[in-house]
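The values are calculated or read from the model by the stated rules, or taken from the named source; none is laboratory data. This one's a predicted model, so the numbers in the text were calculated from it and none came from an experiment. With ideal geometry, Cβ positions are generated from the backbone for all residues, glycine too; neighbour counts draw on all protein chains shown. Surface accessibility is based on the protein's heavy atoms, side chains included, excluding ligands, DNA and RNA. Shrake-Rupley method; radii C 1.70, N 1.55, O 1.52, S 1.80 Å.
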Amino acid sequence: MTKKQKKSLLRIVLSASLFLAGLVVRLLCPELLSGWPQIVLFIAAWALCGYPVIFEATQNLFHGQIFDENFLMTLATAGAIALKDFPEAAGVMIFFQIGELFESIAVHRSRKSISALMDLRPDFATVLENGAEVRKQPEEVQLGDILLVRPGERIPVDGKVLEGTSALDTSKITGESVPRQVAAGDSVLSGCVNGSGVLKLEAQSSYEASTVAKILELIESSSEQKAPAERMISRFARFYTPAVVIGAVLLALLPPLLVSGAWSEWIRRALTFLVISCPCALVISVPLSYFGGMGAASKLGVVVKGGTVLDQLSKAKITVFDKTGTLTTGEFAVQEIHPAAISQDELLTLAASAEVYSTHPVAQAIRNACSGAPIHPETTNEIPGCGIEAIISGRKILAGNAKLMQQNGICVPELPQTGTLVYLAGDGVYLGAITVGDCVRDGMPDTLAQLKAHGIRKNVMLTGDIRETAACVARTLALDDYAAELLPQNKVAKLQQLLAEENDGTVLFAGDGVNDAPVLALADVGIAMGGVGSDAAVEAADVVFLNDDISKLPRLLKLAGKTKRIARQNILFALLVKAVVLCLGALGYAPMWLAVFADVGVAVIAILNAVRTMRVQ
């Protein structure tokens, strides 16, 4: 409970004590029914509990904000006092403040995950300058600075580990609960908490360009985008509240003049009508539903840029994916080995030996796949655009593409090109080939099946990769459609076709590269891989997966649907209860207690319902 909430609780307890004392005086001393003791006690209870409400209403009057719940509650209870109904005035104000307290606790609970993300900002950075430790603000760190991060401290900027080993708590950044082990040579993200060892880092970004700064910027901007339901409620409240105030005035004046009845009775009905009319259940609970949905997404390691994006996600019907870095890991690995004159292990060892000095990702993948120690060649000669010629144990080894083989008069068989083919030959004899390609992400087939079960009509892949590789990935993942060898402008054209095809639902596009930025901006909802994705992709996207785990997309769609359902439930529940109680109030069948329930009680129930969006399994 916050300090403000504790003060509110104390005020409620003191006011309730005064109210009970007034009731005791009224019961034990009926001869003082109209005397000052019980009147003073009730007025004191009303003033003590209602002071914040009355003060806020007065301030709003001077700022031109008349028609809010504070004004309505002040007017209604002051009217009850004018009608000499002191217990009702005090009791209603106490009940209202109890409801406000519960409402505040519910709202505070829903903000916890977003507040936790906002705590990502590091307090300081320890920079090593000429062997001395200098504490600076994160904004003062320069590219290339050497930083020291002790256990329990947050990493101030993105960097590379120079010395030390440790386990990093990355849960606030990626949503992963298992600590990540890092050592010299590993890259680390700002905002992570150093767990066990002392790390010496080299700054690889300024604070403004760091991961944590980008996340905080995304969170701050996301709250500014409202869902259609939120915008509707805001517009509704602007017209609704003045309308019911006018209605209450007419209810107090017209019946006594035109029909019959005591003025006090119709004024009482008008005051009750005012209390019932407060739209706080709608104004607070509906935005809170979407805010809670964004908070729940953050627990998954996903930043959603506003309630309108959640609304769009709930209507998703077509999902479109880039290949590299989205459906696949973006890292090369050996997929197939095609030996001819030697065994698989011998072929792989020979290829790793020929590529032992190469920095190409394909060469790295071959070396990683080789279980044995490579043989260091006597000489190597890299042939641009073709491959490598090496002398290994006195043999002339060629490792490269079909063009290299053709230049040396070596015939190679037709092989399925599901990736990059590396042919090998020794002393003019074809030895075999190795297929190196981008690996499909673990669990991706299951993810796509879950999307279909959720109601996605079509899973599509758009890629700039060669057709054979794209076809292999499409078959592996059972995609509904794909297009390959696309330039950025071709991707835009293909997505425009899909947008034209889908009239009722929305089209999602997930990608990570610079060339995906135009398509991410064009899609109904653009989804970027925040960990490996480019700055342009993250900026253009509506949703950012901080840990590059696209397998969480089905859970995000389910969360979006749940959020929208809860927002609709709150709208229907609040409007229905208010409509019924407003009619009862106008007819004189609703006491002030029921009026307060229709206002505060409905708001608390709706807000507690909205908090359900925070629950993530």
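Descriptive notes on the structure:
- Residue in the stretch 571-591 that is over 13 Å from the mean Cα position of the chain (by Cα), crowded, with 22+ Cβ neighbours inside 10 Å and modelled with pLDDT under 75 present: yes
- Verdict on GLY64 being modelled with pLDDT under 75, at positive phi and open to solvent by 10 Å² or more (accessible area, probe 1.4 Å): yes
- Filtered by the rule that a residue be among the small types (Gly, Ala, Ser) and either in a loop (DSSP other than H, G, I, E, B) or open to solvent by 80 Å² or more (accessible area, probe 1.4 Å) (or both), the stretch 118-164 gives GLY131, GLY144, GLY152, GLY164.
- Just one of the listed residues (ARG475, ARG457) is without any contact (Cβ under 8 Å) to a residue 12 or more places away in the chain and either farther than 20 Å from ASP542 by Cα or buried (at least 19 other Cβ atoms within 10 Å of the Cβ) (or both), namely ARG475.
- Being modelled with pLDDT of 85 or more and over 16 Å from PHE86 (Cα atoms) is a property that LEU9 has.
- For the stretch 447-480, residues that are modelled with pLDDT under 90 and of a type in the set (Val, Ile, Thr) total 5.
- Cβ-Cβ distances below 6 Å connect the following pairs, each with a first residue in the stretch 341-356 that is surrounded by fewer than 14 Cβ atoms within 10 Å (Cβ to Cβ), a second residue that is modelled with pLDDT of 90 or more, and a separation of six or more residues or different chains: ALA341/LEU431; GLN344/ILE337.
- Residue count for the stretch 255-270 under the criterion of being open to solvent by 60 Å² or more (accessible area, probe 1.4 Å) and part of a helix (DSSP H, G or I): the result is 6.
- Identity of the residue in the stretch 287-310, open to solvent by 10 Å² or more (accessible area, probe 1.4 Å) and of a type outside the set (A, V, I, L, M), that ends up farthest from VAL473 (Cα to Cα): PRO287
- Some residue of the stretch 485-508 being open to solvent by 70 Å² or more (accessible area, probe 1.4 Å) and under 25 Å from the mean Cα position of the chain (by Cα): yes
- Close pairs from the stretch 538-567: first surrounded by 21 or more Cβ atoms within 10 Å (Cβ to Cβ), partner part of a loop (DSSP other than H, G, I, E, B) and hydroxyl-bearing (Ser, Thr, Tyr), Cβ under 7 Å, at least 6 apart: ALA560/SER314; LYS564/SER314
- Residue match in the stretch 423-438 (condition: more than 19 Å from MET405 (Cβ to Cβ) and at pLDDT below 90): yes
- Pairing residues of the stretch 389-411 that are assigned by TED's automatic domain parsing to the domain that holds ALA341 and open to solvent by 60 Å² or more (accessible area, probe 1.4 Å) with residues that are in a helix (DSSP H, G or I) and of a type in the set (A, V, I, L, M, F, W, C), at Cβ distances under 8 Å and at least 6 apart in sequence or on separate chains, gives CYS411/MET405.
- Comparison of GLY91, GLY79 shows that the only residue that is in a helix (DSSP H, G or I), small (Gly, Ala, Ser), surrounded by 14 or more Cβ atoms within 10 Å (Cβ to Cβ) and at pLDDT below 75 is GLY79.
- Flag for VAL429 being hydrophobic (A, V, I, L, M, F, W, C), open to solvent by 60 Å² or more (accessible area, probe 1.4 Å) and over 30 Å from SER314 (Cβ atoms): yes
- Selection from the stretch 523-537 of residues that are at pLDDT below 85, closer than 25 Å to ALA493 by Cβ and open to solvent by 10 Å² or more (accessible area, probe 1.4 Å): GLY533, SER534, ASP535, ALA536
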